[in-house]
Amino acid sequence: MAEPSAEADRVLVTGGAGFIGRAVVAALRQRNVPVTVVDREPPDPSWDAGVTVVTGDLSDGEVCAAAFDTTPTAVVHLAALTSVLRSVDAPMRTFAENVTITQTLLEFCRTRGVGSFVLASTNAVVGDVGTATITADLPLRPLTPYGATKAACEMLLSAYSGSYGMATAALRFTNVYGPGMSHKDSFVPRMMRAALTGTGVRVYGDGRQRRDLVFLDDVVAAVLLAIASRYDGRAIVGSGRSVSVLELVQTVREVTGSPVPAEHVAAPAGEMPAVVVDVSAGASTLGYRPTVLLADGLSRTWQYFSQQ
């Protein structure tokens, strides 16, 4: 990503105090890009004077207005309700936090002349395709309110691109992991905490279901590419290599030196047999190429957890 002018290339990052958000902000500041962060959470104490913080809820129009008053030229929209289970329990709240807020941000972009919008999306927009490979051109068939709201957001991006000429990028992240996720309750941090405490983890079913895990640095690289190129369209951001849950547990054992016993329990309804993604289209369009292998990424994640 080329070094931008500090006066002309401010990036607005929603959810900038979150796991992915903090890494995106850090990468932008390393490139001397001024950043505006909007988040409900307090600012990161490591942020320098190049980060302008607007603390508040994006459902508040005054909070959105304050963020856009800093005159960004691009928006990276990471804030969302991301829990599939919570979305099933609270579909109306999920719609409000994911779709309504995205629509509001796009309207601010349109009226304030912000020409680039990057959305954190998900492969859940295509639903369960069994063991087939997921590509960016599969039809949208979400099976949960979370997936449905992200599909709706992607359609909004398409509309604003087609009607107003905005560059709108929907980046479909797979399972993101890496340093900074100690507060998360997904499978990788659960394994890391188990290794620290000498306890075990629960594995659904036989553990042969496959998942694609993408390291945080690769996700940040994709976001920076989308901003720099004013990318318009969809792209899958994953590692391009799916592993079984059993293989994942074994790799954690190897990098941590801990036994991490696995207790097999019944899989919940809707447990997908596989998430296998094709990232080759992203290489030819967005320029995205994952670089971090699973063992290396887990080793770096373990180093972070062991220093907490």
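Structure notes:
- Within segment 144-176, tally of residues that are part of a loop (DSSP other than H, G, I, E, B) and either surrounded by 16 or more Cβ atoms within 10 Å (Cβ to Cβ) or in contact with a strand residue (DSSP E or B) (Cβ under 6 Å, 6 or more places away or on another chain) (or both): 3
- When the residues of segment 173-215 are filtered to those that are small (Gly, Ala, Ser), within 15 Å of the chain's Cα centre (by Cα) and at pLDDT 95 or above, the one that is nearest to residue 237 (Cα to Cα) is 178.
- Segment 173-203: number of residues that are farther than 14 Å from residue 213 by Cβ, touching a residue at least 60 places away in the same chain (Cβ under 8 Å) and among the charged types (D, E, K, R): 2
- Residue check for residue 174: more than 30 Å from residue 64 (Cβ to Cβ) and not small (Gly, Ala, Ser): no
- Qualifying residue in segment 157-178 (condition: under 30 Å from residue 255 (Cα atoms) and of a type in the set (D, E, K, R)): yes
- Candidates 253, 289, 241, filtered to the one that is basic (Lys, Arg) and either in contact with a helix residue (DSSP H, G or I) (Cβ under 6 Å, 6 or more places away or on another chain) or crowded, with 18+ Cβ neighbours inside 10 Å (or both): 289
- Within segment 282-307, residues that are farther than 16 Å from residue 258 by Cα and without any contact (Cβ under 8 Å) to a residue 60 or more places away in the chain reach partners that are of a type in the set (A, V, I, L, M) and assigned to a helix (DSSP H, G or I) with beta carbons closer than 6 Å, at six or more positions or on different chains, in the pairs 289/283.
- Screening the candidates 242, 229 for the property of being under 21 Å from the mean Cα position of the chain (by Cα) and free of Cβ contacts under 8 Å to residues at least 40 places away in the same chain yields one hit, 242.
The values are calculated or read from the model by the stated rules, or taken from the named source; none is laboratory data. None of these values were measured; they are calculated from a predicted model. No Cβ is skipped: glycine too gets one built from the backbone with ideal geometry, and neighbour counts run over all protein chains shown.
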